[in-house]
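**Q** First, the structure itself, so that you have it in front of you.
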Amino acid sequence: MSADYQPDVEEFLALPLESLADIAPATVVYTQGGTRRAAALAGMPPESDAYIQFTRQNMIRCVEMLFRSGVQHVFIMAITPDNYRESGAYRERLIAFTDWGIAGPEALADYGRLGWRVRLVGSEDIPALAPTAQRLRQATAGNGRPTLWCLAVPDEEAPWRRVLAAAQSGAATRQAAIRALYGEDIPPITMFLSTGKPLFTHNLLPPLLVGSVQGYWRQQPGHSLTEREWRLILYDYAYTRATWRQDKEGRAETAVSHRTAWENAPTLGLGIRLGAFWYPAPTFPSQTDT
């Protein structure tokens, strides 16, 4: 499909997923939170092995959908600083869960079947994960082009330590630092697909790779992304948000045609509390002039 052609939404939803490569972002950060909440909603204890299996299988399904639409690089979080600071049974099992979830026999079989390369970034900060990183590199070296990058970030300073180490290695440009840090060239990140509160940090958005990033925050917890929802996100990313024009003459005046919408616009990011969780505050569509 040509990037110059703009289908309507219904036509776009009916296109083969594999035909969307011309408009799909090359590099996506896919950080779906609420996996324990999703497990609880599915009726399984978040401390159980069933939770890890459930989460891993659905993560594979969602990432495969992104790759099949033309995405080349997907970044996910294997360990966040918040994970690493937790206590109790979850913290005690975190390393074992992570190793099995991203580099266990079932995961390696999936990567081989799907033809993905998989890399773990950050094992230098968590030595217990060094064997995991090596196993992933060796087992998936001969696979195809799509690359899944798993980020292990034990504390807020870890990403900056990696950037400084890349600079100290002699890298004098951004591209050279990217190659020093990741081992290859990676296109800039242009989509951030996450869950919950509209926020991101340098832990979630890897340094050096930030492009013009379009952000989407789903409110369904866990790896529950459907193909229809992903297509709607892609449509918005490729067409609805493509509002920039070089010639701005007369553009601002078109806002008058939708005065009510602009003058009564909601603030994205305001929320309410649902028990222990944040949830977007309800917004009501304004009456717009047609």
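**Q** Of the candidates G144, G211, G275, which one comes out as most mobile in a Gaussian network treatment of the chain with C-alpha springs shorter than 10 Å?
**A** The residue with the greatest mean-square fluctuation here is G275.
**Q** Turning to a different aspect of this structure: How far is helix 130-140 tilted, in degrees, relative to the longest principal axis of the Cα atoms in the chain, given as a value from 0 to 90 rounded to the nearest 10?
**A** The answer is roughly 70 degrees.
**Q** Which longest uninterrupted range of the chain lacks any trypsin sites (Lys or Arg not before Pro) assigned by DSSP to a loop state (not H, G, I, E or B) and surrounded by at most 14 other Cβ atoms within 10 Å?
**A** Segment 1-240 is the longest.
**Q** Still on this structure: Compute the acute angle (0 to 90°) between the alpha-carbon long axis of helix 158-168 and the principal axis of greatest extent of the alpha-carbon atoms of the chain; round to the nearest 10°.
**A** Orientation of helix 158-168: about 80 degrees from the principal axis.
**Q** When a/c reaches 1.5 or more, the comparison of a/b and b/c decides; with that in mind, is segment 22-176 rounded, prolate or oblate per its Cα gyration tensor?
**A** Oblate, since a/c reaches 1.5 and b/c is not below a/b.
**Q** Helix 105-114 versus the longest principal axis of the chain: what is the Cα-based angle in degrees, 0 to 90, to the nearest 10?
**A** Its long axis makes an angle of about 50 degrees.
**Q** For the chain, set up a GNM with springs between Cα atoms under 10 Å and report which of A40, A152, A78 has the largest fluctuation.
**A** It is A40.
**Q** Okay, next question. Okay, helix-only estimate at 222 nm for the chain: each DSSP H run of n ≥ 4 adds -39500 (n - 2.57), divide by all residues, round to 500 deg cm²/dmol; what do you get?
**A** -11000 deg cm²/dmol
**Q** Quote the charge dipole size of the chain about the Cα centre in Debye, to the nearest 20; the model charges only the Cβ of Lys and Arg (+1) and of Asp and Glu (-1).
**A** My answer is approximately 520 debye.
**Q** Given the options T190, T226, T243, state which has the largest fluctuation in a GNM of the chain using a 10 Å cut-off (strictly under) for Cα springs.
**A** T243
**Q** Residue separation times 0.36 nm, minus the C-alpha to C-alpha distance between Q220 and D8: what's the value?
**A** Using 0.36 nm per residue and subtracting the Cα-Cα distance, I get 73.7 nm.
**Q** While we're on this one: Compute the distance in nm between two label points, each set 7 Å from the Cα along the Cα-to-Cβ direction, one at T254 and one at T267.
**A** 2.8 nm
No value in this document is a laboratory result; all are computed from the given coordinates. The structure displayed is predicted, hence computed values, not measured ones. Heads up, the Cβs are rebuilt from the backbone with ideal geometry, glycines too, and the neighbour counts pull from every protein chain shown.
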